[in-house]
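One structure below.
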Amino acid sequence: MTAFRHLAAITDDAMNFIEQNPPIYLKTLDRVAQNVETIACLRGDSGVYVRSRPRGLAEFQGEMYKTEEELRARLLSLGYTYPTPRPLSETV
């Protein structure tokens with residue numbers, strides 16, 4: 001949870017900096033979006049980190065969901081739009 005909270009705080013601080021220092025560039029928002037998605041992964045959205053998550057993390061799911069949702073909403077309010085997923089066969 002310490003790592004999760006620190007990453008969330010760093011991401012929040014980055015969004016503060018972006019808001020206070022326009023113009024806002026897509027490349028910058030892409031970097032912040034990567035942090036938001038890492039937070040989602042740590043929370044357990046994809047199961048990628050499920051084997052390495054510490055025991056007892058489930059009791060923090062409410063806090064983790066809330067943090068993820070707040071950061072994602074803030075990211076979107078800065079003008080970020082998530083790319084439309086394409087099948088891997090179209091990207092190669």
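The values are calculated or read from the model by the stated rules, or taken from the named source; none is laboratory data. Everything quoted here is computed from the prediction, not taken from an experiment. Cβ sites come from the backbone with ideal geometry, for glycine too, and all protein chains shown count toward neighbours.
The number of residues in the range 26-61 being at pLDDT 95 or above and either small (G, A, S) or on the phi > 0 side of the Ramachandran plot (or both) comes to 1. Looking only at the range 21-44, residues that are outside any helix (DSSP H, G or I) and over 17 Å from E69 (Cβ atoms) come to 5 in all. So which residues in the range 69-83 are touching a Leu at 6+ places or on another chain (Cβ under 9 Å) and within 16 Å of I10 (Cα to Cα)? L75, the sole residue that qualifies.
Residues that are among the basic types (K, R) and farther than 26 Å from M1 by Cα: does the range 74-88 have at least one? Checked against the condition, which is being among the basic types (K, R) and farther than 26 Å from M1 by Cα, the range 74-88 yields at least one hit. In the range 10-42, what residues are surrounded by 12 or more Cβ atoms within 10 Å (Cβ to Cβ) and over 29 Å from A58 (Cα atoms)? Passing the criteria: I18, E19, I24, T28, L29.
Once the range 31-44 is narrowed to residues that are among the charged types (D, E, K, R) and without any contact (Cβ under 8 Å) to a residue 24 or more places away in the chain, the residue that is farthest from T2 (Cα to Cα) is R31. Condition test on I18, is it in a helix (DSSP H, G or I) and within 15 Å of L7 (Cβ to Cβ)? In short, no. Just a yes or no: is a residue in the range 35-49 under 23 Å from T81 (Cβ atoms), in contact with a Leu (Cβ under 7 Å, 6 or more places away or on another chain) and hydroxyl-bearing (S, T, Y)? The answer is yes, given that some residue of the range 35-49 is under 23 Å from T81 (Cβ atoms), in contact with a Leu (Cβ under 7 Å, 6 or more places away or on another chain) and hydroxyl-bearing (S, T, Y).
Annotation for the range 13-24: at least one member residue is in contact (Cβ under 8 Å) with a residue 40 or more places away in the chain and β-branched (V, I, T). Output the residue which, of all residues in the range 45-87 that are assigned to a helix (DSSP H, G or I), basic (K, R) and without any contact (Cβ under 8 Å) to a residue 60 or more places away in the chain, is farthest from V32 (Cα to Cα). Per the criteria, the residue is K66.
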